[in-house]
Amino acid sequence: MDIRFARLTGPSQTLVDIFNRWENDPVLVPLTRPNKNKEELERQEAVTWDVLNKRLQQHPNYLIYMDDQLVGEMNYMVDPGHLYRKIPGTAWIGITIGEKEGQGKGIGYQAINYLEEQIKEKDLKRIEIGVFEFNEKAHSLYKKMGYKEIGRIPEFTFWQGKMWADIRMGKLL
């Protein structure tokens, strides 16, 4: 299995279509975005050419390939407003393994290592990440990689008929 990462420099219609599929996949939605209720959970998001361009202008995005198949994307933001601890020079990372073929194969681990290296090159010293409390696989991975729980935001997202907390984790580089 060959895993590689490529910086996303511009949108294409193919990428817009793939991102739309991932952003509206009923299996992925509960894992990737907070929802206040059932209606929000079922809401369709529209990723357009302009939306993707705006993302690229705001922060670095990378595509994740497994054996030359696009299986996911990842990014990091510097000092976004949703940090739990507002410490300047903090990166917030996000990863989506959108294709079923790429899930459960250790790609998330490799992706986080890659992002950490990119973040170190920018001379940033701290990373935060959020994980919904029901996402035990991701929570376990982050702990194995040295991320420590720094707080919880209760009643943060709706899934399976109830509200769940967002666990915020941090790591010093």
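The values are calculated or read from the model by the stated rules, or taken from the named source; none is laboratory data. Computed from a predicted model, the values in this text were never measured in an experiment. No Cβ is skipped: glycine too gets one built from the backbone with ideal geometry, and neighbour counts run over all protein chains shown.
Which residues, counting only those in segment 76-90, are in contact (Cβ under 8 Å) with a residue 24 or more places away in the chain, out of contact with any Lys or Arg (no Cβ under 7 Å at 6 or more places or on another chain) and part of a strand (DSSP E or B)? Across segment 76-90, the qualifying residues are Tyr76, Val78.
Residues in segment 8-25 that are acidic (Asp, Glu) and surrounded by 13 or more Cβ atoms within 10 Å (Cβ to Cβ): Glu23, Asp25.
For segment 135-145, give me each residue that is surrounded by fewer than 15 Cβ atoms within 10 Å (Cβ to Cβ) and within 17 Å of the chain's Cα centre (by Cα). Result: Glu136, Lys137, Ser140, Lys143.
Count of segment 1-24 residues, restricted to those that are part of a loop (DSSP other than H, G, I, E, B), in contact with a helix residue (DSSP H, G or I) (Cβ under 9 Å, 6 or more places away or on another chain) and touching a residue at least 60 places away in the same chain (Cβ under 8 Å), is 2. If you go through segment 91-101 and keep only what is in a loop (DSSP other than H, G, I, E, B) and not small (Gly, Ala, Ser), you end up with just Glu99.
Quickly run through segment 58-75 and pick out the residues that are assigned to a loop (DSSP other than H, G, I, E, B) and modelled with pLDDT of 95 or more. Matches in segment 58-75: Asp67 only.
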